[in-house]
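Heads up: the structure comes next, in structure tokens.
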């Protein structure tokens, strides 16, 4: 068979379900081969960046990679932002690019550049197929690396002439392995630290949204009562209704949740990625006792120097801890500060739930209504901007992977294409993408993709006619901001032009009913809210005066 046929068969063997992308001349053979597959569905997107975000969300929701595809040169460069986002947010992904014929790669040539070299800094592995017979090994290695903790993106480049080569090789069978488990002595040391602590606290990171890890974490907290502070990407690792859920940490300023960290005499980090929330923000003096539990050893940092490191499968590590808790019996801790944090944060969440405002709606009210309309297993995706800070702080979750926030690479333009992938993976769930007006317009072309696929999703835009997060940060530091205002389209006409349903919600009292109506419409719906970002400055001022109550 042709090399491109073999490549597709190898991807089928790996169980790949979707490839998102924009084809070009140099991957025409691959596309012809892919068209013959009855297992892999190709989703044509309107921009390669959108394709990469779709593949990222598929990976985050399933734990398995999807493909994103572009041609050489500009097709490949268009992919790179979404690829970097996936890699830094620990989502498995296959990046598939075409390339000019191997006979012209050594010289100046049309659209030819070192694509493999470009992807190396933003992937776990990037390689070029230089012989058709190597495709089975490359594909097996690529998928294994993409899925191996911590997951990420892997790039494979197939030159156009090699795609045509004949080969008699066959796909390699998929053989999976069990992750290594932690050392018993390390678990014993961690448990002794926990037993001797008076005010232990868990900081849960991205690794805790794995289903098995979340289950074992909840069991540990039920047995001990130890509170859990989640990073943005760990939302839902414990149920928001549980007494030990202390909500989310990650704002640059000190927040109420920080009081629990300040009071802790032992911080147990579980599946924590410092790329999300740097330890210098919660351990500025480097004096906190830390137990690190994760798939990998701790990153070296002067503010993060754990006394104990438990390295291995995260769910198994928590199971081992739970076994020791059961054997030891009841543990006694002082959890008063943690109870106060939960009480005070809940007061924050409910403060504006009954707002009745016109022509401008507070972020707190929007998110309260979103939470009421969304079920426990429904999925909210946040773009990047000022709204992300409010979602991170005020939208809490019942289950893992029900609030998807980009928080490592933090790329704008993420939410709309991501929502399309979420709707494909979970057509039975409500999918809500929240974007600022700036982030939404960065991948607005994918409105056509959503319409063509007839996705049931709701995209909500918070309109402030500016780059609101940058304005917020500049105001905080300099007392003013630079030129950041812009105009917007007529949103209802935009929705109509793409065949979407459209809603402009000017009054807070109408928001919940408008959202409910949008979710009950067939196909994609746009809901636009004029947002009251005066609340940004008010929040900053209040956070600057936070005092810890008990």
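In the stretch 276-305, which residues are under 18 Å from residue 185 (Cβ atoms) and either outside the structural domain of residue 258 (by TED's automatic domain parsing) or surrounded by fewer than 20 Cβ atoms within 10 Å (Cβ to Cβ) (or both)?
Passing the criteria: 297, 298.
Assess whether residue 19 counts as being touching a residue at least 24 places away in the same chain (Cβ under 8 Å), in a strand (DSSP E or B) and under 22 Å from residue 126 (Cβ atoms).
So residue 19 fits the description; yes.
Looking at 391, 361 in this structure, which one is over 22 Å from residue 242 (Cβ atoms), at pLDDT 95 or above and not assigned by TED's automatic domain parsing to the domain that holds residue 150?
361
Taking strands (runs of 3 or more DSSP E) that fall entirely within the stretch 63-178, which contain at least 1 residues that are closer than 22 Å to residue 295 by Cα?
93-99, 125-128, 153-159
For the structure I just gave you, tell me whether residue 115 is crowded, with 17+ Cβ neighbours inside 10 Å, farther than 19 Å from residue 74 by Cβ and assigned by TED's automatic domain parsing to the domain that holds residue 10.
no
Condition (residue is buried (at least 24 other Cβ atoms within 10 Å of the Cβ), touching a strand residue (DSSP E or B) at 6+ places or on another chain (Cβ under 6 Å), farther than 19 Å from residue 146 by Cα and free of Cβ contacts under 8 Å to residues at least 60 places away in the same chain) applied to the stretch 44-60: is it met by at least one residue?
Yes, the stretch 44-60 has at least one match.
Name the single residue, out of those in the stretch 231-244 being within 19 Å of the chain's Cα centre (by Cα) and in a loop (DSSP other than H, G, I, E, B), that is surrounded by the fewest Cβ atoms within 10 Å (Cβ to Cβ).
Only one residue tops the list, namely 239.
So is residue 76 surrounded by 23 or more Cβ atoms within 10 Å (Cβ to Cβ) and either farther than 30 Å from residue 232 by Cα or touching a strand residue (DSSP E or B) at 6+ places or on another chain (Cβ under 7 Å) (or both) or not?
Here the answer is yes, as residue 76 does meet what is asked.
Could we say that residue 329 is modelled with pLDDT under 95 and on the phi > 0 side of the Ramachandran plot here?
Judged against the criteria, residue 329 is a match.
Which residues, taken from the stretch 101-111, are in contact with a strand residue (DSSP E or B) (Cβ under 8 Å, 6 or more places away or on another chain) and at pLDDT 80 or above?
Across the stretch 101-111, the qualifying residues are 101, 102.
A quick yes/no check of all residues on (1) part of a helix (DSSP H, G or I); (2) within 17 Å of the chain's Cα centre (by Cα):
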position: 219; (1), (2): yes, no
position: 223; (1), (2): yes, no
position: 229; (1), (2): no, no
position: 246; (1), (2): no, no
position: 250; (1), (2): no, yes
position: 253; (1), (2): no, no
position: 268; (1), (2): no, no
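Hey, can you tell me all the residues within the stretch 377-394 that are surrounded by fewer than 24 Cβ atoms within 10 Å (Cβ to Cβ) and part of a loop (DSSP other than H, G, I, E, B)?
Once the filter is applied, which keeps residues that are surrounded by fewer than 24 Cβ atoms within 10 Å (Cβ to Cβ) and part of a loop (DSSP other than H, G, I, E, B), the stretch 377-394 yields 377, 378.
Out of curiosity, is residue 408 more than 28 Å from residue 62 (Cβ to Cβ), at pLDDT below 95 and not assigned by TED's automatic domain parsing to the domain that holds residue 229?
Here the answer is no, as residue 408 does not meet what is asked.
Looking at the stretch 153-205 only, could you name the residues that are surrounded by fewer than 15 Cβ atoms within 10 Å (Cβ to Cβ), within 30 Å of residue 131 (Cβ to Cβ) and touching a helix residue (DSSP H, G or I) at 6+ places or on another chain (Cβ under 8 Å)?
164, 166, 170, 173, 174, listed by residue number.
Output the residues belonging to the stretch 490-509 that are out of contact with any strand residue (DSSP E or B) (no Cβ under 9 Å at 6 or more places or on another chain) and without any contact (Cβ under 8 Å) to a residue 40 or more places away in the chain.
490, 497
Testing residue 424 on (1) surrounded by fewer than 24 Cβ atoms within 10 Å (Cβ to Cβ); (2) over 18 Å from the mean Cα position of the chain (by Cα), one condition comes back false. Which one is that?
Failing condition for residue 424: (2).
Give the residues of the stretch 515-532 that are closer than 27 Å to residue 348 by Cα and buried (at least 21 other Cβ atoms within 10 Å of the Cβ), sorted by residue number.
The answer is 515, 527, 528, 529, 531, 532.
The values are calculated or read from the model by the stated rules, or taken from the named source; none is laboratory data. Just so we're clear, the structure is a prediction, and the values are computed from it rather than from any experiment. In this analysis, Cβ positions are derived from the backbone assuming ideal geometry, glycine residues included, and neighbour counts consider all displayed protein chains.
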